[in-house]
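Colleague: My structure is below; once you've seen it, I'll send some questions.
The values are calculated or read from the model by the stated rules, or taken from the named source; none is laboratory data. The shown structure was predicted, so the numbers you read here are calculated from the model rather than taken from an experiment. Reconstructed Cβ throughout: ideal geometry from the backbone, glycine too, with neighbour counts over all protein chains shown. In case anyone asks, the SASA skips ligands and DNA or RNA and just uses the protein heavy atoms, side chains included. Shrake-Rupley method; radii C 1.70, N 1.55, O 1.52, S 1.80 Å.
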Amino acid sequence: MPMPHPSPSVTLTTGTVAGTESAGVRRFLGIRYAEPPFGDRRFAAPVPARAWEGVREATGFGPTAPQSPYQGDSATLLSSVEIPGEDILTVNVWTPADADAAPVVVWVHGGALERGTAALEGYDGTTFARDGVVFVSLNYRLGSEGFSVLDGVPRNLGLLDVGAAVDWVFREIAAFGGDPERVTLMGESAGGALVAAAMAIPRIGERAHGAIIQSGPLDASTPERAGRVTRAIAKHLGIPATRDAFAAVSPQRLVDARLELTRKSSPIPVGGFALALDPASVPRAPEKALTDAAAPILLGTNTDEYRLWLSPAAIAALGPLKVAALALFGRIPAGAMRAARADGSRGAEALGQALSDKILRAPATRLAQNRPERTFVYEFAWQSPVRGLRAAHAVEIAFAFGRLSGPDAVALSGEDAPQSLADEMHGAWVSFIRTGDPGWPAFGATRATRVFDSVSQTVPQRRTEVVDAFR
């Protein structure tokens, strides 16, 4: 085992932090980028961290945002971490010990805007730092604290947190050996949606070197639609949907109320917290805004996204009438269902595939078609043997990080996942972070797509009939 080095320290504009070093990688954890969003700062825009005296230890992750663990089948596949405390707006940095103007990537975790943390084992940035990239991860407000639509409260507080963290990176990353002019944003699922929305903020999008969006929705809802979950929680608690009323309820009670409501919901998630259109933070849908972005974008989806949410038991339990009702409720065009069935899917699987296409694959395709020479598209197709997941949502994360041996990776991919594929995919991500080119052609007129599988290949986009049904 490598011997640890004396504690390395870095002096920021706000003070000095001391981290750890091992095997040529320095790690600084739990650095405050904004003041804790509680007390008078609850339901308010983030406030930059104040300066401190002396040296702060940066050897442990900061507290996690209020949330509930994953429930049901998901709990066996997706881990949860709870670190108590209010200092939840923190960043973590992994950097090569000899870094000097190195490229930077900022990781934004997923979790449907109501779960997750940068402290998960699967988000360790060592592999990126080992390959010469300064890796930054961040926490942001979740659920009711971060995405409520309340009278008297700024919209999209969790996104404002992400923006504040990226501002911190631009301002401070040079002290860690990173190049503030080569910062790439990267996120998966809800984290990908936040990356897309952050790239649409001029002060970020005009400066960022690029963006990686893994299975991320690219839309934003009207305040009326995005506020449905807020109004449901308010009704459940018997309070008005206002700042004063929600601030009088403890964060944990808001989390519990949301969990109580989700236990009554459909087996296929079709609602929840969402980004709200807002003149100050999300003036238009990220899909539209990103069309005009100058920076290159790497984005893609997994072949069987829906299989994380739909277990084999749930698939078997959904008969034709319920599938038809859920398709109607989910506003799935009949043409999309026909195309999914023609592609080989049946019953609930066709519905799951069509929902995946509506939410993820079709918007990603439209974006790539609108900026074909600046967008690189992938499809993750490797079939996990775990619980019939196949190429489900989130399985690709461990491959992008190049780490298949950790417990988070094994839970989704099993113990015999191909490291060669992880090396290939991680190498493409590192190449994109460094140069803006992952190593295959841009989408272009041929709809070029890199399909990551046991044997990877670059081919014209597959299943175009299903995707194009959502135009």
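Colleague: If you rank R450, R141, R26 by how much accessible surface each has, with a 1.4 Å probe, what is the order from largest down?
Modeller: Numbers: R450 50, R141 5, R26 75 Å².
So, going from the largest accessible area down, we get R26, R450, R141.
Colleague: Share of antiparallel DSSP beta bridges in the chain, in percent to the nearest 5? Please list the in-between numbers first.
Modeller: Details: 23 of 58 bridges.
Just about 40 percent of them are antiparallel.
Colleague: Can I ask one more? Between R171 and R346, what is the label-to-label distance in nm when each label sits 7 Å out along the Cα-to-Cβ direction?
Modeller: 5.9 nm
Colleague: When only Cα pairs under 8 Å and 6 or more residues apart are kept, what is the percent relative contact order across the range 226-327?
Modeller: Value for the range 226-327: 27 percent.
Colleague: Which is farthest toward the positive dipole end of the range 371-465 among P438, F376, Q419, measuring Cα position about the Cα centre, with Cβ charges +1 (Lys, Arg) and -1 (Asp, Glu)?
Modeller: Checking the options against the dipole of the range 371-465, the answer is F376.
Colleague: Where nothing but the Cβ of Lys and Arg (+1) and of Asp and Glu (-1) is charged, how large is the charge dipole of the range 265-365 around its Cα centre, in debye to the nearest 20? The partial results should precede the final answer.
Modeller: Values: 10 positive and 8 negative charges, 64 e Å.
The dipole magnitude comes to about 300 debye.
Colleague: Can you give the FRET efficiency to the nearest 0.05 for T16 and V410, using r as the Cβ-Cβ distance and R₀ = 30 Å?
Modeller: Approximately 0.20, to the nearest 0.05.
Colleague: Also, I was wondering about something else. What is the log10 of I(q)/I(0) for the range 40-107, computed with the Debye formula using one identical point scatterer on each Cα and no solvent, at q = 0.16 Å⁻¹?
Modeller: These q points yield log10 I(q)/I(0) values of -0.90.
Colleague: Additional query: Please state the relative contact order of the chain as a whole percent: Cα pairs under 8 Å, 6+ residues apart? The partial results should precede the final answer.
Modeller: Details: 1024 pairs, mean separation 64.2, N = 471.
The normalised contact order for the chain reaches 14 percent.
Colleague: Moving to a separate point now. Mind checking which of T16, S189, P6 is farthest towards the positive end of the chain's charge dipole, using Cβ charges of +1 (Lys, Arg) and -1 (Asp, Glu) about the Cα centre?
Modeller: S189
Colleague: Here's something else I'd like to know. Of all DSSP beta bridges in the range 307-461, what percent run antiparallel (nearest 5)? List each step's numbers first, then the result.
Modeller: Details: 5 of 9 bridges.
Once the DSSP bridges in the range 307-461 are tallied, antiparallel ones form about 55 percent.
Colleague: Same structure, new question: Quick one: net charge of R284's neighbours, Cβ under 11 Å, K/R +1, D/E -1? Display every interim value, and only then the final one.
Modeller: Working: positive: K288; negative: D219, D278, E287, D292.
Net charge around R284: -3.
Colleague: Kindly work out what percent of the DSSP beta bridges joining two residues of the range 187-307 are antiparallel, to the nearest 5. Please list the in-between numbers first.
Modeller: Values: 1 of 8 bridges.
Antiparallel bridges: around 10 percent, rounded to the nearest 5.
Colleague: Between H236 and R331, what length comes free when the chain is fully extended (0.36 nm per residue of separation minus the Cα-Cα distance, one decimal in nm)? Intermediate results must be reported in sequence, preceding the final value.
Modeller: Working: separation 95, 0.36 × 95 = 34.20 nm, distance 2.63 nm.
Stretched out fully, the H236 to R331 stretch lengthens by 31.6 nm.
Colleague: Right, next: Hey, quick one: spin label on T291, modelled 7 Å out along Cα-Cβ, who in the range 366-388 has an amide N within reach, i.e. under 13 Å?
Modeller: Residues passing the 13 Å test: 366-372.
Colleague: Follow-up question, since we're still on this one. Divide by every residue of the chain the summed helix terms, -39500 (n - 2.57) for each DSSP H run of at least 4, and state the resulting mean residue ellipticity at 222 nm, rounded to the nearest 500 deg cm²/dmol.
Modeller: Details: 20 runs with 159 residues, N = 471.
After summing the helix terms and dividing by the residues of the chain, the value is -9000 deg cm²/dmol.
Colleague: Let me ask you something else. Looking at the P(r) of the range 400-471, how many percent of alpha-carbon pairs lie beyond 14 Å? Intermediate results must be reported in sequence, preceding the final value.
Modeller: Values: 1748 of 2556 pairs.
Summing the P(r) tail past 14 Å for the range 400-471 gives 68 percent.
Colleague: Suppose every K and R has +1 on its Cβ and every D and E has -1 on its Cβ; what is the size of the dipole of the chain about the Cα centre, in Debye to the nearest 20?
Modeller: Details: 46 positive and 49 negative charges, 320 e Å.
Taking the Cα centre of the chain as origin, the dipole is about 1540 debye.
Colleague: Could you tell me what a quarter of the Cα convex hull surface of the range 173-249 works out to, in nm² with one decimal place? Can you show the working numbers first?
Modeller: Working: hull surface 30.7 nm².
Averaging across all directions leaves 7.7 nm² for the Cα convex hull.
Colleague: Hey, another quick one. Compute, for V169, the solvent-accessible surface of its heavy atoms (probe 1.4 Å) with the complete set of protein chains present, and express it in square angstrom to the nearest 10.
Modeller: 0 Å²
Colleague: Please report the net charge: other residues with Cβ closer than 13 Å to the Cβ of F170, K and R +1, D and E -1.
Modeller: Numbers: positive: R171, R182, R203, R207; negative: D167, E172, D179, E181, E206.
Net local charge, F170 excluded: -1.
Colleague: So how do K358, K288 rank on accessible area, 1.4 Å probe, biggest first, that is with the largest at the start?
Modeller: Details: K358 70, K288 125 Å².
From most accessible down to least: K288, K358.
Colleague: Right, next: I'm checking a number: the convex hull volume of the Cα atoms of the chain, normalised per residue, in Å³. What is it?
Modeller: So the per-residue Cα hull volume is 132 Å³.
Colleague: What is the sum of charges around D151, taking Lys and Arg as +1, Asp and Glu as -1, for the other residues whose C-beta is under 12 Å from the C-beta of D151? Before the final figure, lay out the partial values.
Modeller: Working: positive: R155, R231, R243; negative: D244.
Value of the local net charge: +2.
Colleague: Size of the dipole of the range 72-223 about the Cα centre, Lys and Arg at +1 and Asp and Glu at -1 on the beta carbon, nothing else charged, in debye to 20?
Modeller: Details: 8 positive and 20 negative charges, 66 e Å.
That gives the range 72-223 a dipole magnitude of about 320 debye.
Colleague: Taking the alpha-carbon distance from K264 and a cut-off under 22 Å, which lysines remain once sequence neighbours fewer than 8 residues away in the same chain are dropped?
Modeller: The qualifying lysines are K235, K322.
Colleague: Report the relative contact order of the range 350-471, percent, no decimals, based on alpha-carbon pairs under 8 angstrom and at least 6 residues apart. Present the calculation step by step, with values, prior to reporting the outcome.
Modeller: Working: 159 pairs, mean separation 39.3, N = 122.
With pairs under 8 Å counted, the relative contact order is 32 percent.
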